[in-house]
Amino acid sequence: MSKAGNNFQIPISTSYVCAYVVRKEGDGYKFLLLKRNSRYMFGLWGQVAGKVEDGETAIQAVIREIQEETGHRPTALYSADIIESFYDIEYNTIQLIPAFVAILDSADIVLSSEHSEYRWVGPNEAGAMFPFPLQKSTVELIRREFLEKNPPAALKIELP
């Protein structure tokens, strides 16, 4: 069979969002890590993430997911200006996920049933705890572009 006749494709899904939640603590910032409690990626540390529901924009979905997974509404929200991607083995899809940076004022997290525990950690520890290379590089990008200097105003999202 020639390559021109190959109809096999890997579907691309853009139905998820994620947020790297940070808060100011003393003279630095801490990242929120959540430990998965559900069957999917059980026991792995991750960021806030979830599916976009019918009729939602990505911004509405990420705000809802932050509230559901932390018990708090962000005080500030930015586009991280990065699309995370990975191959989902279970569903044979390539996932493209817009990443956001969310600022929380509260350190007290109210976990949903999706997670068994949480930790506030510095950027180096966050990079070490995240299991996937793209998560680690996103933490570094956020540290460099959002925490060590003022993020570009064009990436700030007005909260509804």
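Given a Förster distance of 25 Å, report the FRET efficiency between S38 and S15 from their Cβ-Cβ distance, rounded to the nearest 0.05.
It comes out at approximately 0.90.
222 nm [θ] for the chain, helices only, -39500 (n - 2.57) per DSSP H run of 4+, per residue, to 500?
For the chain, the value works out to -5500 deg cm²/dmol.
Can you tell me the relative contact order of the chain? Whole percent, Cα pairs under 8 Å, sequence separation 6 or more.
Reported relative contact order: 29 percent.
Express in nm, to one decimal, how much length is gained between F86 and S106 on full extension, taking 0.36 nm for each residue of separation and deducting their alpha carbon distance.
4.1 nm
Over what distance in Å are the Cα centres of the stretch 5-46 and the stretch 84-107 separated?
Computed from Cα coordinates, the inter-centre distance equals 4 Å.
Please find the FRET efficiency linking E140 to Q60, where r is the Cβ-Cβ separation and R0 is fixed at 25 Å, and quote it to the nearest 0.05. Don't skip to the answer; put the middle values down first.
Details: r = 28 Å, r/R0 = 1.12.
Efficiency, from the Cβ-Cβ distance: 0.35.
Which length gain, in nm to one decimal place, applies between K24 and N124 when the Cα-Cα distance is subtracted from 0.36 nm times their residue separation?
34.5 nm
Given springs between every Cα pair under 10 Å in a Gaussian network model of the chain, which of R64, R119, R39 has the largest fluctuation?
Result: R39 has the largest fluctuation of those listed.
Between the DSSP loop rule and a limit of at most 11 other Cβ atoms within 10 Å, which chymotrypsin sites (Phe, Trp or Tyr not before Pro) in the stretch 1-95 are left?
Hits after loop and neighbour filter: F8, Y40, F42, Y91.
Mind checking which lysines have their C-alpha under 27 Å from K136, skipping anything on the same chain fewer than 8 residues away?
K24, K30, K35, K51, K149, K156
How far is helix 58-70 tilted off the main Cα axis of the chain, in degrees rounded to 10, range 0 to 90?
Result, in degrees: 60.
All of the numbers you see were taken from the coordinates with simple rules; none came from a lab. Model, not experiment: these values are computed from the prediction. Methodologically, a virtual Cβ is constructed for each residue, glycine included, from the backbone with ideal geometry; neighbour enumeration extends over all protein chains shown.
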